[in-house]
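Notes follow the structure.
The values are calculated or read from the model by the stated rules, or taken from the named source; none is laboratory data. Just so we're clear, the structure is a prediction, and the values are computed from it rather than from any experiment. Every residue, glycine among them, receives a Cβ derived from its backbone with ideal geometry; neighbour counts consider all protein chains shown. SASA here: full protein model, heavy atoms, side chains in, ligands and nucleic acids out. Shrake-Rupley method; radii C 1.70, N 1.55, O 1.52, S 1.80 Å.
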Amino acid sequence: MADTNEAGRLKQETAVEKLLRRPEIGSFVVMLVIIVALAIASDGKSFNALGLKNNIAIIAQYGIIATGAAVLMIAGEFDLSIGSMIGFAGMAMSMMLKWGLPFGMGDATPITAFIVTLAMTLALGWLIGTVVVRSGLSSFIVTLAFLFFLRGVTEVSFRLINKSTQISGLPDYKEESWFANLLGGDVFGWFYDLWFMLGGNLNRRGEQWVEGFDARFLWWLVIAGVAYFVLSRTQIGNWIYATGDNKEAARANGVPVNRVKIGLFMFTAFCATMFAACQVFDTNTSDAAKGNLMELFAIAIAVVGGTLMTGGFGSVIGVVFGAITVGLVANAVFFIPAIDGAWFRVFLGGILLAAVFANERIRKRITGGI
Amino acid sequence: MADPYLRVEGLVKRFGPFTALGGVDLEVFPGEVHCLLGDNGAGKSTLIKTLAGVHEPTEGKIYIEGKSVEFRSPRDASDAGIGTVYQDLAINQLLSVTRNFFMGRELKGPLGTLRMDEMNKIAHDEMLKIGIDFSDPTQAVGTMSGGQRQTLAIARAIYFGAKVLILDEPTSALGQKQQMGVLKTIKKVRARGDIAIIFITHNEIHSRLVGDRFTFLALGQTIGAGTNAEIGDEEMRRLMSGGAEMGDLEQELAAI
């Protein structure tokens, strides 16, 4: 018994060693370095009451779409249409709020505008996924087509119906609609209340300064939490990993590979819609250029978070760290006025390259160097 | 003699004008290893793909326990108890042993959650039964040797109800020691007594070591069949080389 046991040759690891070999460890260390460096360089301003809120706002935006991009990448596909989908969803929602629902269904409320928009974006996600799996074409090229197509449709629709590619001055729906407030209002007010009670969070007049985080913080936590649970603990999660690792092997074992992929293209469309909805109900504006380049940030953050470009491997926790890192650096210019904002892109490019190399090392280690 | 679990009668498979199989007969019995031998292009792959439900036969019949069956998909064949372990093994390297073992057939609790502990235990126990003690089934398959992956694929097929195990050249592309490991695994499965094994190989020695019964294919035809005792070494070599007399081959080679 127990012959040819290669596993027995593997070194028994301590808990610390195991922790150090986790795929998230790289992005975690980078995140810690950035947090400390930023706190020092900004003289603490980036983590005071308002700094924290503003940083979390952009981190959550990145985090929402990066989660969708990462889960899709784990299943072995890309979605370059995320940014255009954000623009499309924002346009659709704000135009319904301003001009009413399509097909003469009457005036829109925040809920109906959101639901009709979500129905459209999910249908688009389904269409993209179906084209990819049916044609067998690379998702890179199919979604690149939708990147142009959706951005174009967004602009054309704006000009045709609205005569302008922007909408501003919508009423503040948060005041009356609980639903709009859920997407664009404040959350975790208790955190800032507590901070105030403990003697911090004060403005110049000595009153409570910040009331709460942007609602997108909550949505990011929900989306990342659900994605983490599904990936690590459920059958669908196993199917997602199996699909991205070796599609034919998964299919031979009865995994509905095509349904998994189509479902995940719908999930990225959902994430883009949540991004847009939080933006629309927060600012009561929209613009045809919204979400521009976001698809590339989403993919970059997924990779920085340890997701393999080749699929089959990745971690939502790593993507959370990646979103925090990239979000903080993107915002750094507001807290350290002396630096040129373009350094952000220099940093992102550098860390992306480093992450790709690190990920490749991890993949080689797992697959025994192949 | 017991009844064969799987019987194939006059199986013909044509792809357009090309006849891949020209009337093949085959009988496989529980607790026996049936070696399918033949040169490249003899029709071995077409035969097993037909048995696995990938191809539908043009003519001829497949019987399971005496009843005629028709497979329209690989799923039908696997439901009928035919488990095929292909050369590429249908395994995902980055996933853990357990996740591979249960791929597509995961054990679910409420809310679709995986019963991971239970699955780990089953994967470990099933692999131990046929010979490897893989202490940590949460390890990625990428860390396993080729022979161990073979064992994983075999254990998985058996656990999910295979009564006929089709092994497609399991020993090719492996080192000597691992080949022996796979042969031992085959013997262990045979010893259970309830599973029929179809062992496809190029290797005369391997088939001699574990085979109970042989079928030789050449150009889509059965050119010979018999039990281990019936077929002598000389005859075996003749059939392996596609039915040509060794003497003829020697002459041909000498003439060059």
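Some values worked out for this structure:
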| item | result |
| --- | --- |
| Candidate set from the range A:309-341 (those that are farther than 28 Å from A:Glu360 by Cα and not in a helix (DSSP H, G or I)); member that is farthest from the chain's Cα centre (by Cα) | A:Ala338 |
| Strands (runs of 3 or more DSSP E) wholly inside the range B:160-256 containing at least 1 residues that are open to solvent by 30 Å² or more (accessible area, probe 1.4 Å) | B:213-218, B:221-227 |
| Only one of A:Asn246, A:Asn284 that is more than 14 Å from chain B (Cβ to nearest Cβ) and either out of contact with any strand residue (DSSP E or B) (no Cβ under 8 Å at 6 or more places or on another chain) or surrounded by 24 or more Cβ atoms within 10 Å (Cβ to Cβ) (or both) | A:Asn284 |
| Enumeration of residues in the range A:106-129 that are open to solvent by 40 Å² or more (accessible area, probe 1.4 Å) and more than 18 Å from A:Cys271 (Cβ to Cβ) | A:Asp107, A:Thr109, A:Ile111, A:Thr112 |
| Which listed residue, of A:Gly68, A:Gly90, is over 25 Å from A:Met309 (Cβ atoms), of a type outside the set (S, T, N, Q), open to solvent by less than 10 Å² (accessible area, probe 1.4 Å) and at pLDDT 95 or above | A:Gly90 |
| Among (1) surrounded by 21 or more Cβ atoms within 10 Å (Cβ to Cβ); (2) away from chain B (no Cβ under 14 Å), the one test that A:Gly312 misses | (2) |
| Residue among A:Ala330, A:Ala288, A:Ala323, A:Ala338 that alone is among the small types (Gly, Ala, Ser) and out of contact with any Phe, Trp or Tyr (no Cβ under 6 Å at 6 or more places or on another chain) | A:Ala338 |
| Unmet requirement for B:Ile198, which otherwise passes all of (1) within 12 Å of chain A (Cβ to nearest Cβ); (2) out of contact with any helix residue (DSSP H, G or I) (no Cβ under 6 Å at 6 or more places or on another chain) | (1) |
| Residues located in the range B:104-127, provided they are at pLDDT 85 or above, within 9 Å of another protein chain (Cβ to nearest Cβ) and open to solvent by 50 Å² or more (accessible area, probe 1.4 Å) | B:Arg105, B:Lys108, B:Met116 |
| Every pair of residues 6+ apart whose Cβ atoms lie under 7 Å, when the first sits in the range A:58-76 and is without any contact (Cβ under 8 Å) to a residue 12 or more places away in the chain and outside any helix (DSSP H, G or I) while the second is surrounded by fewer than 24 Cβ atoms within 10 Å (Cβ to Cβ) and charged (D, E, K, R) | none |
| Filter result (in contact with a helix residue (DSSP H, G or I) (Cβ under 6 Å, 6 or more places away or on another chain) and within 14 Å of chain B (Cβ to nearest Cβ)) within the range A:315-339 | none |
| Long-range neighbours under 8 Å by Cβ, at least six apart or interchain, first residue within 21 Å of A:Leu19 (Cβ to Cβ) and within 14 Å of chain B (Cβ to nearest Cβ) within the range A:347-368, second open to solvent by less than 50 Å² (accessible area, probe 1.4 Å) and assigned to a helix (DSSP H, G or I) | A:Asn359/A:Val303; A:Ile366/B:Gly142; A:Ile366/B:Thr143 |
| Flag for B:Gly142 being at positive phi and either within 12 Å of chain A (Cβ to nearest Cβ) or among the small types (Gly, Ala, Ser) (or both) | no |
| Residue match in the range A:266-276 (condition: at the interface with chain B (Cβ under 7 Å from one of its Cβ atoms) and out of contact with any helix residue (DSSP H, G or I) (no Cβ under 6 Å at 6 or more places or on another chain)) | no |
| Residue match in the range B:71-91 (condition: touching a Phe, Trp or Tyr at 6+ places or on another chain (Cβ under 6 Å) and surrounded by fewer than 23 Cβ atoms within 10 Å (Cβ to Cβ)) | no |
| The range A:183-228, residues that are within 30 Å of A:Ile240 (Cα to Cα) and either acidic (Asp, Glu) or open to solvent by 60 Å² or more (accessible area, probe 1.4 Å) (or both) | A:Leu221, A:Val222, A:Val226, A:Tyr228 |
| Restricting the range B:30-63 to residues that are within 14 Å of chain A (Cβ to nearest Cβ) and in a helix (DSSP H, G or I), the residue that is most open to solvent (accessible area, probe 1.4 Å) | B:Lys49 |
